[in-house]
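A short worksheet on the structure shown next.
The values are calculated or read from the model by the stated rules, or taken from the named source; none is laboratory data. This structure is a prediction, so every number in the text was calculated from the model and none was measured. Using ideal geometry, Cβ is built from the backbone for each residue, glycine included, and neighbour counts are taken over all protein chains shown. To get the accessible areas, we keep the full protein, side chains included, count just its heavy atoms, and leave off ligands, DNA and RNA. Shrake-Rupley method; radii C 1.70, N 1.55, O 1.52, S 1.80 Å.
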Amino acid sequence: MEKTNECLAMRVSRGSIIGNVALSAFKLFAGAAAHSTAMVSDAAHSLSDVLSTVIVMIGVRQAGREADREHPYGHERMECVAAVILAAILFAAGVGIGCAGVGRIAAGSRAAAGTPGVLALVAAIVSIAVKEIMYRYTRAAAKRAGSGALMADAWHHRSDALSSIGSLIGIAGARLGFPALDPAASIVISLFVLKAALKIFVGSVSKMTDRACDDALAEELRAVILEQDGVADVDMLKTRLFGERIYVDVEISADGEAPLRVTHDIAHRVHDIIEERFPRVKHCMVHVNPAGESPG
């Protein structure tokens with residue numbers, strides 16, 4: 001399962017790199033040919049996505065490494081590290097888009113110098129469509145693989161699509177005689193990008209601090225445990241996130257007079273069913289207490 005998710009993430013990432021390089025080349029050509037500085041800047045933004053995708057690939061590859069002597073619990077948190085780095089890149093992109101918009105407003109009429117050609121409009125429309133498709137495809141793959149880094153990369157695609165919308169508005173506005181539309185749109189877009197970056201950062205950090213799973217999942221775990229033959233009660237249930245995976249510690253009550261082999265089989269059954277029913281659970285530790293006695 002883990003290997004399948006890693007392969008999916010790598011395949012999507014390779015597709016993203018190819019798509020971004022091709023799209024950047026087209027936008028750069030269109031920007032230069034149509035005399036559009038907005039489109040040339042948009043091309044540079046798309047090219048920066050290649051770096052973010054490379055970071056995703058490194059993070060996913062490192063997270064998929066087997067446990068070793070120095071990392072007995074595995075390397076899953078490396079993907080969270082990659083997501084944090086991507087959030088920082090996305091935040092920087094948002095700040096850059098906003099600052100560029102403020103700068104063009106401050107420049108006033110000087111920003112209106114030159115009217116961009118129709119090719120720049122076509123490039124902006126193509127970019128919006130392609131980047132939105134890449135966003136949706138990458139986002140769906142991130143959900144299937146449970147990858148925070150891949151989800152961050154998906155939002156990077158969305159930020160590029162938003163940037164291209166700003167370019168489209170600016171280019172169209174300049175052609176219609178309203179050049180101020182471009183910087184105004186850029187500032188609004190930058191706020192959405194910054195919000196996405198903050199959401200990714202907070203989510204990734206929370207997965208690195210042994211945060212418990214949500215109550216709904218805990219109740220599902222408890223219900224499945226109580227369904228097992230020989231389990232009298234659930235005395236204690238603890239969960240913690242380790243990257244995208246989950247560790248479960250549970251104490252159950254069973255017949256205190258039953259032979260050790262019987263209670264061992266009950267614990268083993270609980271362990272196996274939890275890891276089978278909940279694919280995100282990497283490990284489940286089960287402790288058995290005699291029924292009717294307070295756990296020590």
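Worth a mention:
- Summing Lys and Arg as +1 and Asp and Glu as -1 over all other residues whose Cβ lies under 14 Å from the Cβ of I200 gives a net charge of +2.
- Dividing the mean sequence gap of close Cα pairs (under 8 Å, 6+ apart) by how many residues the chain holds gives a relative contact order of 17 percent.
- J(HN,Hα) series, segment 128-142, from Karplus relation 6.51 cos²θ - 1.76 cosθ + 1.60, nearest Hz, glycine and proline x: 4, 5, 5, 5, 5, 4, 5, 4, 5, 5, 5, 5, 5, 5, 5
- Taking Lys and Arg as +1 and Asp and Glu as -1, the other residues whose beta-carbon sits under 14 Å from that of K143 total +2.
- Summarising the amide proton neighbourhood of H283: residues at separation of 5 or more, or on other chains, whose placed amide H is nearer than 5 Å comprise I246, V248.
- Cα shape, segment 3-101, gyration tensor, a/c 1.5 rule: oblate
- Helix 2-33 axis, angle to the chain major axis (alpha carbon atoms, nearest 10°): 10
- Among beta bridges from DSSP that stay inside the chain, the antiparallel ones total about 50%.
- Principal-axis analysis of the Cα atoms of the chain puts helix 77-107 at an angle of about 20° to the longest axis.
- Here K143 is the anchor, and the lysines within straight C-alpha reach of less than 22 Å, apart from those fewer than 8 places off in the same chain, are K3, K131, K195, K199, K207, K282.
- Seen against the Cα atoms of the chain and their longest principal axis, helix 181-206 is set at about 20 degrees.
- Other-chain or far-sequence residues with amide H under 5 Å of F242's (modelled H): Y247
- Accessible area (Å², 1.4 Å probe, nearest 10) - M57: 40
- Under Karplus coefficients 6.51, -1.76 and 1.60, residue-wise ³J(HN,Hα) of segment 214-227 in Hz, glycine/proline x: 5, 4, 4, 5, 4, 5, 5, 4, 4, 5, 5, 5, 5, 6
- Residue-wise HN-Hα couplings along segment 230-239, as the Karplus relation 6.51 cos²θ - 1.76 cosθ + 1.60 with θ = phi - 60° gives them from phi, are x, 8, 7, 6, 9, 7, 7, 9, 10, 10 Hz; Gly and Pro carry x.
- Each Cα pair of the chain feeds into the Kirkwood radius, which the Stokes-Einstein equation turns, at 4 °C and 1.567 mPa s, into a diffusion coefficient of 60 µm²/s.
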